[in-house]
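Everything below concerns the one structure shown next.
The values are calculated or read from the model by the stated rules, or taken from the named source; none is laboratory data. These numbers were taken from a predicted model, which means no experiment stands behind them. As a convention, Cβ positions derive from the backbone with ideal geometry for all residues, glycine included, and neighbour counts pool all protein chains shown. Quick note on the areas: whole protein, heavy atoms, side chains included, nothing else; ligands and nucleic acids left out. Shrake-Rupley method; radii C 1.70, N 1.55, O 1.52, S 1.80 Å.
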Amino acid sequence: MTKLTEFLSPENIRQGVLVSSKKRALELVGKVVAESINHAKQHSHEESEILCPIECFSNLFKREKLGTTGLNQGIALPHAKLPACESVILEKPIAIFLQLEEAIDYEAQDHKDVDLIYAIMFPENSCEQYKGCLPQIAKQLSDKSLLKQLRAAESAEDIWQILVYADNHPKDQE
């Protein structure tokens, strides 16, 4: 079973985010993904191209046009491939978690506005390897108790602790 924290790091959690639309939320995800990857590259002292946040957003937006990634119950699971970038070689997907200050229209199937976004971007060459993790994450994110706790969290650290706890104490799956 894929853990909610497997591709997520505490640095990639944003709490109390204000965005006006689905497009703005996806732009923010693209920006956080690019910042996270580019920051890691700076620490390795590589002199090479950096990952463009606009390209990250563009891939997420293209995927969203194929069909909404709103899961129901006010949560969305946007996902896409990372833009091709020769200098960026990731071993595993990267996740971003946003807790929104105010829910936005996300065109979810249940017509509820979304206030929790768990986004994942996959390395170009490992999509097949990880495609099974999306249904597992979606299933975990359908837990009403978990969603209630995530909505009540007052900091990124709280959100991280809630997700770690959920990973370590999975409910008995039927």
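Here are some notes:
- Within segment 144-155, tally of residues that are among the charged types (D, E, K, R) and within 17 Å of the chain's Cα centre (by Cα): 1
- One residue stands out in segment 100-130 among those that are open to solvent by less than 40 Å² (accessible area, probe 1.4 Å) and touching a Leu at 6+ places or on another chain (Cβ under 6 Å): the one that is nearest to Val19 (Cα to Cα), namely Asp115.
- Cβ pairs under 7 Å, 6+ apart, first in segment 141-159 and more than 15 Å from His169 (Cα to Cα), second open to solvent by 40 Å² or more (accessible area, probe 1.4 Å) and among the hydrophobic types (A, V, I, L, M, F, W, C): Ser142/Leu71
- Verdict on Leu51 being at pLDDT below 95, open to solvent by less than 50 Å² (accessible area, probe 1.4 Å), in contact with a helix residue (DSSP H, G or I) (Cβ under 8 Å, 6 or more places away or on another chain) and not in a helix (DSSP H, G or I): yes
- Taking the conditions (1) in contact with a strand residue (DSSP E or B) (Cβ under 7 Å, 6 or more places away or on another chain); (2) assigned to a helix (DSSP H, G or I) in turn, Glu128 satisfies each one other than (1).
- The residue that is most open to solvent (accessible area, probe 1.4 Å), counting only those in segment 131-161 that are part of a loop (DSSP other than H, G, I, E, B), out of contact with any helix residue (DSSP H, G or I) (no Cβ under 9 Å at 6 or more places or on another chain) and within 17 Å of Leu77 (Cα to Cα), is Lys131.
- Residue in segment 86-99 that is among the acidic types (Asp, Glu) and modelled with pLDDT under 95 present: yes
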